[in-house]
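The values are calculated or read from the model by the stated rules, or taken from the named source; none is laboratory data. Just so we're clear, the structure is a prediction, and the values are computed from it rather than from any experiment. Methodologically, a virtual Cβ is constructed for each residue, glycine included, from the backbone with ideal geometry; neighbour enumeration extends over all protein chains shown.
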Amino acid sequence: MDTIAAAPATSFEVLDRFLASYWTPRTRDNYRFILTRWLDWCHEHGYDPVGGADAAALETFIAELKTAGYAPNTIIGRVSATSAFYRWCVREQLVVRNPVEMIRRPARPTESATASLTRHQLTDWLAAAEVRGGSWWAAAMLLGLNGLRCGELIACNVEDLGNYSWHHTLKLTTTKGDRPTVVALAPPTMQAVATAIDGRDRGRPQDHPPLRPLQTCAQPPRPYAIAHYLAGGN
């Protein structure tokens, strides 16, 4: 009796197998977003992503990302994800060699291109948020003084607040992995959060309902609003 050979897995089926090796949903989603675009690019240019993509294809792909205006760190992240995919393919004996190892990777910038506030700008921003009060003040203190990422702030709930060794704490799930982290809140930050939760605004009439989940803190003052308040607007 003749046996029928199984059809080779498609590149997207290989991608699904690769992603299954990661436990955290956030990592899987990030890699899927990046690698789906690489697979699509290979198909559009006539390459087999698993067995036919070589160093020249990768260099062309990187050059197109640069031409399209992608930030250097974004390009580096995409190359790193692609390398992780091909390392797994080598381990699974789907390819002989990782093609990323045969190219010169883009250099990481020595200085961050991300815009940041100066010390005086941060002070003015926090002062403007305190004038506005409520969730604006709480969000500004959590972002500016505790250094929370926006995703961490949005994911926080009132139930995540706690106490440990006489310190106010906030439990959060970091955006760099799914492991929970507990951070200490300085007294001024806790004062701002408590004010937002209690619906108080430093004695001024409250113009929004009492804060329940901290998600409502996730809209800090926009730059034009900060300037408006610093200029004495209402």
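Hey, can you tell me all the residues within region 58-77 that are assigned to a helix (DSSP H, G or I) and either more than 23 Å from the chain's Cα centre (by Cα) or of a type in the set (Ser, Thr, Tyr) (or both)?
In the first step, residues of region 58-77 are kept if they are assigned to a helix (DSSP H, G or I); the result is 58-67, 72-77.
If the condition is that a residue be assigned to a helix (DSSP H, G or I) and either more than 23 Å from the chain's Cα centre (by Cα) or of a type in the set (Ser, Thr, Tyr) (or both), then 58, 59, 60, 61, 63, 64, 67, 74 are the ones that fit.
Residue-level check: of (1) part of a loop (DSSP other than H, G, I, E, B); (2) closer than 26 Å to residue 36 by Cβ; (3) touching a residue at least 40 places away in the same chain (Cβ under 8 Å), residue 146 misses just (2).
Checked against the criterion of being under 30 Å from residue 168 (Cβ atoms), in contact with a helix residue (DSSP H, G or I) (Cβ under 8 Å, 6 or more places away or on another chain) and β-branched (Val, Ile, Thr), the candidates 95, 131 yield just one match: 131. Among the residues of region 68-91, those identified as out of contact with any Phe, Trp or Tyr (no Cβ under 9 Å at 6 or more places or on another chain) and not aliphatic (A, V, I, L, M) are 69, 70, 72, 73, 74, 77, 80, 83, 86, 87, 91.
When only residues in region 58-70 that are surrounded by fewer than 13 Cβ atoms within 10 Å (Cβ to Cβ) and either touching a Lys or Arg at 6+ places or on another chain (Cβ under 7 Å) or hydrophobic (A, V, I, L, M, F, W, C) (or both) count, which is nearest to residue 47 (Cα to Cα)? Among those residues, the one meeting the criterion is 63.
For region 17-57, taking the residues that are in a helix (DSSP H, G or I) and among the polar types (S, T, N, Q), the one that is surrounded by the most Cβ atoms within 10 Å (Cβ to Cβ) is identified as 27. Filter region 101-123 down to the residues that are surrounded by 12 or more Cβ atoms within 10 Å (Cβ to Cβ), within 24 Å of the chain's Cα centre (by Cα) and under 18 Å from residue 62 (Cβ atoms), then identify the one that is modelled with the lowest pLDDT. Among those that are surrounded by 12 or more Cβ atoms within 10 Å (Cβ to Cβ), within 24 Å of the chain's Cα centre (by Cα) and under 18 Å from residue 62 (Cβ atoms), it is 106.
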